[in-house]
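Written out below as structure tokens is the structure these notes cover.
Bear in mind that the values in this text are calculations on the coordinates, not laboratory data. Please read all numbers here as calculations on a predicted model, not as lab measurements. When we count neighbours, we look across all protein chains shown, and the Cβ atoms used for this are built from the backbone with ideal geometry, even at glycine.
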Amino acid sequence: MNDHIRAQSTTVGVQQEYTPLLVTLPGATDPVDVYTDEGFRLLSEVWTKAGWQRKLSYELTWLGVPIIQIPEDILMMQELLHRIRPAIVVETGIAHGGSAIFYASMLELLRHGRVIAVDIEVRQYNRLAIRSHPLSDRITILEGSSTDSTTFAQVQEHCQGASPVIVALDSYHSREHVLREMELYSSLVTPGSYLVVFDTVMDLVSDAPNGDTSWVNDGAGTAVREFLAIHPEFEADSYYNRLNATYCKGGFLRRTRSLI
């Protein structure tokens, strides 16, 4: 198609003509112009699904340690950490340790703060990779279920009197587990700071070849929606999803106030 459209240029502030780049996506009856907001959103979703299917997040490392995040989310967390400058970052779900190292590296640059990293099981070689890392002094590892009362009490002790506190939930991603984590760990988030829930992408990739249709009702996204419905002190901040490609859409939750 050679039809031209008038569009506002974001670089020079004047209107200019362009030729639409039209694609027809699966399940759609009409083509979409990729230069429009809707086209960008849809293509971002397709890219996210394809990347998830290919396990793209497993390709990345942070300072030599596998991080299991996509670049867009890493950059958004970098912005968040720089803006909030937390005294404590609580992370559930250590895996190989890359995200804990990433948070610690940001705190090192800010010359402030610690990471409290929680996992039900920390494999020996992962523990060694973290302990031998130059940034290990900023990381405290707690082994135990994130929803166990004893484990949570230990996290509370580390956070006592600290402000601001950011919490990043990235352990087991079932609705029940994530909702339980949110109920517990949201209490640690200081007003103005954030509770970040990873893997809400399960909604989007539930129909992928390696997905599971049950994720729509039994995943992290469902937990976030149910939590927000009963916790008016938190609100989703779409600013940190502005790159569109993300594994935590709707998962950056800002605490607007304390409980009365």
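Amide H contacts of residue 192 (H built 1.01 Å from N, in plane; Pro and chain starts excluded): 255, 256, 257 sit under 5 Å, all sequence-distant by 5 or more or on other chains. Extension gain for residue 244 to residue 58 (0.36 nm times residue separation, less C-alpha to C-alpha distance): 65.0 nm.
What order, most packed first, do the peptides 142-155, 213-226 have when packing is the mean number of other Cβ atoms within 10 Å of each residue?
Working: 142-155: 16.9, 213-226: 19.1.
Most protected by this proxy first, the peptides run 213-226, 142-155.
Helix-only estimate, please: 222 nm mean residue ellipticity of the chain, summing -39500 (n - 2.57) across DSSP H runs of length 4 or more and dividing by its residues, to the nearest 500. For the chain, the value works out to -10000 deg cm²/dmol. A P(r) calculated from all alpha carbon pairs of the chain, with 10 Å bins opening at zero, reads 7, 28, 34, 19, 10, 3, 0 percent.
How do 47-53, 195-201, 156-162 rank on mean C-beta neighbours within 10 Å, highest first?
Details: 47-53: 16.6, 195-201: 25.3, 156-162: 13.1.
Ranking the peptides 47-53, 195-201, 156-162 by packing returns 195-201, 47-53, 156-162.
With the simple model of a label 7 Å out from the Cα in the direction of the Cβ, residue 183 to residue 207 spans 3.2 nm.
In this label model, residue 46 and residue 225 are separated by 2.5 nm, measuring between points 7 Å along each Cα→Cβ vector. For the stretch 28-45, the Karplus equation 6.51 cos²θ - 1.76 cosθ + 1.60, evaluated at θ = phi - 60°, returns couplings of 9, 8, 10, x, 10, 7, 5, 7, 8, 4, 5, x, 5, 4, 5, 5, 4, 5 Hz by residue, with Gly and Pro reported as x. Taking each residue as 0.36 nm, the span from residue 22 to residue 233 lengthens on full extension beyond its C-alpha to C-alpha distance by 71.8 nm. For the chain, the longest principal axis of the alpha carbon atoms and the long axis of helix 71-84 meet at an angle near 60°. Between residue 110 and residue 125, full extension at 0.36 nm per residue minus the direct alpha carbon distance yields a gain of 2.6 nm. Protection proxy ranking of 65-77, 164-176, by the mean of other Cβ atoms within 10 Å over each peptide's residues and highest first, is 164-176, 65-77.
Could you work out the local net charge near residue 207, counting Lys and Arg as +1, Asp and Glu as -1, over the other residues with Cβ closer than 14 Å to its Cβ?
Numbers: positive: 49; negative: 45, 203, 212.
Net charge in that neighbourhood comes out at -2.
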